[in-house]
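Heads up: the structure comes next, in structure tokens.
The values are calculated or read from the model by the stated rules, or taken from the named source; none is laboratory data. Quantities reported herein were computed from a predicted structural model and do not represent experimental measurements. So basically every Cβ, Gly included, is an ideal-geometry build from the backbone, and we count neighbours across all protein chains shown. SASA here: full protein model, heavy atoms, side chains in, ligands and nucleic acids out. Shrake-Rupley method; radii C 1.70, N 1.55, O 1.52, S 1.80 Å.
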Amino acid sequence: MSDERRYLRLLVSDDPATSETVERGAQYPAACPDCPGSRLGVLESLVGATKEACAFSTAQLGSRQPIPLSWGAYGVALVRRGVVVRQRIDSEGHATAIDAAGPGCLLPFEGEAHGYAVGDVIVCLCPRDTLERSLRGASVGGDLIALHRAALARVERMTEARGASSGLRKVARCLITLAETLSPPRVRDDLPAGFQQRDLGMLIGMRHESVCRALGVLEREGLLERSGVGSIERLSLDGLRAV
């Protein structure tokens, strides 16, 4: 194995001796011996070789403490030690766990930060403007990151829908998510032709019959219409959000 190809798997552990091996990029020098960027061989231009050169700032959370809302002002964070559970908060304040990030994992922020620490946590935060400057001129890289964020947001929102407290709410939140994310930047008021009730059930883990009943309730309340061929249209997104 050459010096340019090293292998390391970052487990949920503070002790690199307990790590297992998988393929990864080449390490580089960093001021902090447990720097997640260095160990993964990523973001070298942001990390730098000294603390003064590093674009990241360190933050800590005690066990079970919530993520501070102020973290949402940052571009991203790298988990250095411990595990962070990320959550989405719906319009009624209900929290749904959507991710668990351990050492070396990226925490993306889009103006909001919700979740909590599993055990004591150390993260490295990168300011949003610094991250954006590092991508300036790299249009392809910026485009890929934007698309990645959009894809991640879709997954998170569908996970939130799946975790709703009732079948009716699962279907309503799934419809909202599909309307707002299926055809960006357009917000739809219908579902594409061929999108079946069975497809809705697959996305939110419900039986076809249960989805059909929920759609019937939403239709009677005037929150959507169904055509003779089963298409779902004329969605009332404001009404669905109130379900």
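The figure for residue 176 is an accessible area of roughly 10 square angstrom, using a 1.4 Å probe on the protein chains alone. Taking the chain as a Gaussian network of alpha-carbon nodes connected by springs under 10 Å, the highest mean-square fluctuation of the residues 190, 143, 34 belongs to 143. Between the Cα long axis of helix 167-181 and the first principal axis of the chain there is an angle of about 70°, rounded to the nearest 10.
Put simply, segment 101-163 fits an ellipsoid with semi-axes of 23, 19, 9 Å; these come from the alpha carbon gyration tensor as the roots of five times its eigenvalues, largest first.
For segment 141-243, the Cβ-based charge dipole about the Cα centre amounts to some 280 debye (Lys, Arg positive; Asp, Glu negative; other atoms uncharged). Surface listing: 56, 195 arranged by accessible area from highest to lowest gives 195, 56, probe 1.4 Å. The order of 155, 42 by accessible area, most exposed first and with a 1.4 Å probe, is 155, 42.
With the charge dipole of the chain set up from +1 on Lys and Arg Cβ and -1 on Asp and Glu Cβ about the Cα centre, the Cα lying farthest toward the positive end among the listed residues 163, 145, 215 is that of 215.
Per residue, the average separation of C-alpha pairs within less than 8 Å and at least 6 apart gives segment 54-130 a relative contact order of 51 percent. Suppose the Debye formula is applied to equal point scatterers at every Cα of segment 145-229; what is log10 I(q)/I(0) at q = 0.17, 0.21 Å⁻¹? For segment 145-229, the Cα-only Debye profile gives -0.69, -1.03. Relative to the longest principal axis of the Cα atoms of the chain, the long axis of helix 139-162 lies at roughly 50 degrees.
Under 5 Å from the amide H of residue 67 lie the amide H atoms of 115, 116, 117, each residue being 5 or more positions distant or on a separate chain, with H modelled from the backbone and absent for Pro and chain starts.
Calculated on C-alpha atoms, the gyration radius of the chain divided by its Kirkwood radius gives an Rg/Rh of 1.06. For segment 59-157, the equivalent ellipsoid derived from the alpha-carbon gyration tensor has semi-axes of 23, 17, 11 Å in decreasing order. Modelled spin labels at residue 95 and residue 60, positioned 7 Å past Cα toward Cβ, are 2.2 nm from each other. A Cβ-based charge dipole, computed about the Cα centre of the chain with Lys and Arg at +1 and Asp and Glu at -1, lands at about 320 debye.
Using alpha-carbon pairs under 8 Å, 6+ residues apart, how would you state the relative contact order of the chain in percent? Dividing the mean separation by the residue count of the chain yields 14 percent. In percent, rounded to a whole number, the relative contact order of segment 171-243 is 35, using alpha-carbon pairs under 8 Å and six or more apart. Scattering from segment 86-208 was approximated by placing one identical point on each alpha carbon and applying the Debye formula without solvent; log10 I(q)/I(0) at 0.09, 0.11, 0.14 1/Å stands at -0.33, -0.49, -0.76. Estimated from helices alone, the mean residue ellipticity of the chain at 222 nm is -10000 deg cm²/dmol (sum of -39500 (n - 2.57) over DSSP H runs with n ≥ 4, per residue). Shown in residue order for segment 200-205 are the 3J(HN,Hα) couplings computed by the Karplus curve 6.51 cos²θ - 1.76 cosθ + 1.60 at θ = phi - 60°: 4, x, 4, 5, 10, x Hz (x for Gly and Pro). Per residue, the solvent-accessible area of the chain (1.4 Å probe, heavy atoms of protein chains only, all protein chains present) comes to 55 Å². Which of 43, 100, 176 sits closest to the plus end of the dipole of the chain, meaning its Cα is farthest towards the positive end, when Lys and Arg get +1 and Asp and Glu get -1 on the C-beta? After comparing all options, I get 176.
Only protein atoms count toward the accessible area here, which uses a 1.4 Å probe; on the chain, the carbon and sulfur part of that area reaches 52 percent. Label separation (residue 120 vs residue 202): 4.7 nm, computed from points 7 Å beyond Cα along the C-beta direction.
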